[in-house]
1. How about region 126-139: which of its residues are closer than 22 Å to Ala362 by Cα, touching a helix residue (DSSP H, G or I) at 6+ places or on another chain (Cβ under 8 Å) and either surrounded by 17 or more Cβ atoms within 10 Å (Cβ to Cβ) or of a type in the set (Phe, Trp, Tyr) (or both)?
2. Only one of these conditions is not met by Leu245: (1) closer than 23 Å to Ala294 by Cβ; (2) surrounded by 22 or more Cβ atoms within 10 Å (Cβ to Cβ); (3) under 17 Å from the mean Cα position of the chain (by Cα). Which number is it?
3. Of all residues in region 347-378, which are touching a helix residue (DSSP H, G or I) at 6+ places or on another chain (Cβ under 7 Å), surrounded by fewer than 24 Cβ atoms within 10 Å (Cβ to Cβ) and under 23 Å from Val154 (Cβ atoms)?
4. Considering only residues that are under 16 Å from the mean Cα position of the chain (by Cα) and either aliphatic (A, V, I, L, M) or surrounded by fewer than 24 Cβ atoms within 10 Å (Cβ to Cβ) (or both), which ones fall in region 278-316?
Amino acid sequence: MLKKQLFRRLFITGFILSIIALQVQSSPEPINSPELIKSPEPINSPELGNSPEPVKSLEPIKSPEPVKSLEPIKSPEPIKSLEPVKSAEIESAPRDNQGRFTNQSGELSHGSLSVRLGFYLRRFGTLFRGDDGAPKRVVNEGAFLRDNNSTPTVTWIGHATLLVQMEGVSFLTDPIWSQTPSPLPPVGPSRWVDPGMALEDLPSIDFVVVSHNHFDHLDIPTLRKLAARNADTVFFVPLGNADLLIKKGITQVQELDWGETAQYKNIQVHCLPTQHWSKRKLSDTRKALWASWAIIGSERRFYFAGDTGYFAGFKLIGDKLGPFDLAAVPIGAYEPRAMMAETHMNPEEAVQAALDVQADTALAIHFGTFDLSDEPLAEPPQRFKAAARETVFGVDKSWVLDIGETRKF
């Protein structure tokens, strides 16, 4: 693995220059991040897996017609799925005067030109950085998961990619099996740890949720492989992202706005706010939406924060859709703070976000997989566990998994 990393890093000079061209533009006016919301009272939820009663689900959304599950379609045309149901309690994503998506607090600061330029130039200093402190990888051949249709489980594949099984369905979050998240691989950030499972060892995937279009979250090569593997896999994406997938031959796509809910079999898929941005090329900044997702069944409730800065919307999500049995929150890619503070949570903010959404258990993601930022590899999980220890999560309900590890919830 190390030899592969050294080989790829010989190409990173070109990557850095391309990223500087993409990112070092006029910075939007800085805004003040909202103050951290005080933690809600400790949640008196039953222990996971041993609940005497299932978690009460949301009152069913009144729809003009009964919601039917998606029917498999054997057509090269995009799926004609049911119209998503819009919630009156969560506002649609705002847009600026140019029609581009923005955040609830308006435009975000990505730091000054000097901060951003310094960050990208420092990437030269990490070309041959070792993988000390990277997450441990455990062997997972997937036999149990392929046979499982009753036990709620979560498996960390790496970065923001999770395999979740609940309510008889299997789904993935932000799946990426590629070695380099980049428009020009192999030029780009190196992968420190291989995926926790081989893609071919996965169980049949019912659906995928994608948080936004950055290359380490929306990986077209992986999505195409998943679509080829199972033509019935549905890909849920935020507004403005479907065209990209359809152009790449992925037709089972459904777009949602913030506050919209789709029904998949017996599960509700909620598209929810987050604080981030989108970009895949010079001219498309914020033309596609970003989102977090809540997957809610009659017995389990799961929240995927995606990639985000800390914001007041977490409290609203918890009030309207919580509590959650498990919340996956990003804890890495937070340094330098002058550049990252409004778009990437640090570990302490991630713990606060999990408290805000009223999670019974917080799961750390988005760290230690790719070489994306300045903080030491081992630092995010250490800070996450230390912060969680002082809250209702304690030691037992603040999870830092090995890559490839499966845990019941």
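All of the numbers you see were taken from the coordinates with simple rules; none came from a lab. Nothing here was measured: the structure is a model prediction, and the numbers come from that model. A quick note on method: Cβ atoms are made from the backbone with ideal geometry, for glycine too, and the neighbour counts reach across all protein chains shown.
1. We begin by selecting, within region 126-139, every residue closer than 22 Å to Ala362 by Cα; these are 133-138.
Then keep just the ones that are touching a helix residue (DSSP H, G or I) at 6+ places or on another chain (Cβ under 8 Å); that gives 133, 135.
Within region 126-139, just Pro135 meets the criteria.
2. The one condition Leu245 does not meet is (3).
3. Once the filter is applied, which keeps residues that are touching a helix residue (DSSP H, G or I) at 6+ places or on another chain (Cβ under 7 Å), surrounded by fewer than 24 Cβ atoms within 10 Å (Cβ to Cβ) and under 23 Å from Val154 (Cβ atoms), region 347-378 yields Glu348, Gln358.
4. Once the filter is applied, which keeps residues that are under 16 Å from the mean Cα position of the chain (by Cα) and either aliphatic (A, V, I, L, M) or surrounded by fewer than 24 Cβ atoms within 10 Å (Cβ to Cβ) (or both), region 278-316 yields Ser278, Lys279, Ala288, Leu289, Ala291, Ala294, Ile295, Ala305.
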